[in-house]
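The values are calculated or read from the model by the stated rules, or taken from the named source; none is laboratory data. Please read these numbers as outputs of a predicted model, since none were measured by experiment. Positions of Cβ are generated from backbone atoms using ideal geometry, with glycine treated the same way; all protein chains shown enter the neighbour counts.
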Amino acid sequence: MRTQNTDYLIVGAGAMGMAFADVLMHESEATITMVDRYHQPGGHWNLAYSYVRLHQPSSFYGVNSRPLGKDRIDTRGNNKGLYELASKAEICAYYDELMREFLGTGRLQYFPMSEYRGDGNIQSLTSPEIHRIQAGTVVDATFMNVQVPAMAAPAYAVADGVHCVAPNALTTLRGEYANYTVIGAGKTSFDACLFLLDSGVSPDAISWIKPREAWLWDRAYAQAGELFEESIQTLSQMQVRVVAESESVDDFFARAEAAGLVLRIDESEAPTMFRCATVTKTEIEKLRSIKNVLRLGRVERIERERIVLEQGTHNYGAQTLFVDCTADGLARRPPEPVFRDGRITLQSVRTCQQVFSAAFIAHIELSEKDQAEKNRFCTPVPHPDCDTDYLRNMLADLVNGLAWQEDPALMAWMKAARLDGFSSPKTSAEADAAFIQGLQEQGMIAAEKLMGYLS
């Protein structure tokens with residue numbers, strides 16, 4: 001078996017793997033090998049439901065070198081007035097074209113439908129063929145372990161004869177069901193509920209099993225381009241100020257909600273969950289139209305005529321379709337050092353900004369910093385899960401941001417990076433300096449408050 005040499009072996013050709021590879025392709029002369037279990041790049045997007053869209057603007061998703069979408073502002077629909085959100089089809093086509101560009105350079109080789117088995121061995125999933133790779137650095141782009149419902153069966157038992165599907169199946173409905181029960185409380189459940197409502201299903205025909213209520217971000221505060229200063233910059237300033245002025249965790253969330261920083265669907269329920277989901281005011285109102293909400297914990301099993309949950313049971317009617325939206329998406333995993341000898345483990349270094357983080361890590365990898373300094377600049381920020389993770393991640397973002405500001409060249413790179421939704425090439429140097437100074441002044445007070453709340 002012939003051994004092939006490569007500078008970087010990237011395991012996983014999903015969003016993070018592609019963002020990392022893109023920086024290597026455009027900021028170095030490195031050779032790259034990518035291996036992925038799917039037939040085309042894009043990772044979990046290959047198995048996502050067809051009506052899914054980004055929950056953040058297309059303008060800062062994908063890779064640094066190639067725009068995604070046309071930077072248009074939607075003029076109708078649930079996202080009206082905000083920057084466009086790419087569809088699954090657009091995203092998969094984007095990554096396919098990008099891979100073609102990478103391969104055309106002659107510096108990257110790609111093994112789809114294959115798995116990395118360790119020790120430089122790549123095993124084909126369609127034949128006995130094994131490729132041997134000698135890599136200078138192995139990059140794990142699968143650590144975040146993104147899950148969508150189509151990847152696995154539900155974690156609860158489903159009796160024979162019960163119709164329980166992943167959200168993907170909703171596009172094949174032909175009027176055979178009178179009732180729909182959506183299971184889950186995260187982004188995917190929002191999408192399933194909105195798809196049903198926008199397809200003409202009455203809210204009274206939808207039941208929603210929500211084990212937890214979530215704090216949500218208003219998508220109007222996650223905008224780039226012409227809306228940057230009134231959205232993301234305002235959000236950053238308001239978050240720091242609200243923390244600095246708060247007196248307790250509960251007081252922070254009360255102030256944040258009053259300021260419009262966070263939203264919740266059911267204002268009578270105290271949220272215990274935060275997963276970075278964004279919504280518009282239009283979507284919130286539509287989701288509030290669903291009144292049949294079950295709050296009896298997680299589903300344990302679905303029997304022929306009733307659902308058994310952690311805290312009780314619920315009888316359901318005939319012709320009911322269950323829609324499983326319980327896949328964990330991005331789990332909160334214990335962080336690992338990003339840089340170790342001969343290995344890079346891609347993780348978020350800013351809350352819920354996975355593709356930016358991957359590009360950032362690649363840029364730091366190509367710098368002259370030693371391993372300890374690289375890890376200081378790339379301290380992982382685990383994906384949030386509970387309400388207090390909102391505060392924990394805010395503190396981590398503040399700490400990382402202060403470290404990054406030590407390096408003017410890095411700040412200039414970030415300002416030019418299309419994936420960095422928290423800066424804009426259109427703002428002046430003077431405006432940037434004033435913005436940073438304002439954050440630093442209240443940031444220290446906010447950081448002290450956060451450390452006290454989390455101790």
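Here are the numbers for this structure:
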| item | result |
| --- | --- |
| Residues of segment 7-38 satisfying the condition of being among the aliphatic types (A, V, I, L, M) and part of a helix (DSSP H, G or I) | ALA15, MET16, MET18, ALA19, ALA21, VAL23, LEU24, MET25 |
| Pairs with Cβ under 6 Å, 6+ apart, first in segment 59-85 and without any contact (Cβ under 8 Å) to a residue 40 or more places away in the chain, second basic (Lys, Arg) | ASP74/LYS80; GLU84/ARG72; LEU85/ARG53 |
| Residue within segment 300-314 that is in a loop (DSSP other than H, G, I, E, B), modelled with pLDDT of 95 or more and closer than 22 Å to THR172 by Cβ present | no |
| Among the residues listed as SER199, SER231, the single one being within 24 Å of SER424 (Cβ to Cβ) and free of Cβ contacts under 8 Å to residues at least 40 places away in the same chain | SER231 |
| Segment 348-368, subset among the charged types (D, E, K, R) and surrounded by fewer than 22 Cβ atoms within 10 Å (Cβ to Cβ), residue nearest to PHE143 (Cα to Cα) | ARG350 |
| Unique match (being over 18 Å from the mean Cα position of the chain (by Cα) and crowded, with 16+ Cβ neighbours inside 10 Å) among ALA21, ALA86 | ALA21 |
| Exclusive hit being touching a helix residue (DSSP H, G or I) at 6+ places or on another chain (Cβ under 6 Å), surrounded by fewer than 16 Cβ atoms within 10 Å (Cβ to Cβ), of a type in the set (Gly, Ala, Ser) and more than 30 Å from GLY175 (Cα to Cα), set ALA270, ALA331, ALA259 | ALA259 |
| Count - residues of segment 423-455 that are polar (S, T, N, Q) and at pLDDT 85 or above | 1 |
| Some residue of segment 359-379 being over 30 Å from ASP119 (Cβ atoms), touching a Pro at 6+ places or on another chain (Cβ under 9 Å), outside any helix (DSSP H, G or I) and not acidic (Asp, Glu) | no |
| Yes/no for ALA318 being modelled with pLDDT under 95, surrounded by fewer than 24 Cβ atoms within 10 Å (Cβ to Cβ), over 28 Å from the mean Cα position of the chain (by Cα) and more than 14 Å from VAL139 (Cβ to Cβ) | yes |
| Only listed residue being farther than 30 Å from ARG304 by Cα and small (Gly, Ala, Ser), chosen from SER127, SER189 | SER127 |
| Qualifying residue in segment 126-135 (condition: touching a helix residue (DSSP H, G or I) at 6+ places or on another chain (Cβ under 7 Å), in contact (Cβ under 8 Å) with a residue 12 or more places away in the chain and small (Gly, Ala, Ser)) | no |
| Yes/no for GLU406 being acidic (Asp, Glu) and part of a helix (DSSP H, G or I) | no |
| Residue, farthest from the chain's Cα centre (by Cα), within segment 341-358, restricted to residues that are under 18 Å from TRP217 (Cβ atoms) and assigned to a loop (DSSP other than H, G, I, E, B) | ARG350 |
| Residue tally, condition in contact with an Asp or Glu (Cβ under 6 Å, 6 or more places away or on another chain) and either polar (S, T, N, Q) or at pLDDT below 95 (or both), over segment 106-153 | 3 |
